[in-house]
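Heads up, the thing below is written out as structure tokens.
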Amino acid sequence: LKKDETSSSVGSPTWRPPRIQMIFDVRATGPPYRTGLVTCEAIKVPSGYGLGKLQTTLLKVDYETGNEGEGGSTEGDQTLFLVGSEDNLTRVSRRSGLSLDMLARQVHINRGAA
């Protein structure tokens with residue numbers, strides 16, 4: 001199979017590298033005590049001696065910039081892609097039918113609003 005062909009286009013199974021996806025929250029331990037949400041994805045790529053190593057394909061941090069968590073009235077959120085892009089985030093898995101974007105939208109980064 002060519003790299004961009006899928007098993008459905010050829011009619012036979014195709015090996016795909018193992019993949020892990022995670023979404024977790026983070027918070028600062030000092031002022032201004034902002035909260036954030038990290039979204040990441042990594043695949044296992046073959047390396048020497050039959051071992052594999054993880055290659056990060058997406059690392060995104062959403063964090064608060066406003067003061068609404070401290071009782072203020074200014075709401076603000078910032079998104080920072082450290083690895084990958086919006087395309088990695090919105091890619092829908094053929095196995096689950098979900099994207100990381102769909103999953104991350106279910107979590108709000110402001111703990112005060114929860």
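Some notes on this structure:
- For the pair E75 and Y49 in one chain, pulling the backbone fully straight at 0.36 nm per residue adds 4.2 nm over the alpha carbon distance.
- Summed residue charge, Cβ within 11 Å of K44's Cβ, Lys/Arg positive, Asp/Glu negative: +3
- Solvent exposure ordering (accessible area, 1.4 Å, most first) of L89, L103, L51: L51, L103, L89
- Among the trypsin sites (Lys or Arg not before Pro) in segment 39-106, those placed in a DSSP loop whose Cβ has at most 12 other Cβ atoms within 10 Å are R94, R95, R105.
The values are calculated or read from the model by the stated rules, or taken from the named source; none is laboratory data. Small disclaimer: the values here were computed from a predicted structure and weren't measured. Neighbour counts run over all protein chains shown; Cβ positions are idealised from the backbone, glycine included. Areas reflect the complete protein model, heavy atoms only, side chains present, ligands, DNA and RNA absent. Shrake-Rupley method; radii C 1.70, N 1.55, O 1.52, S 1.80 Å.
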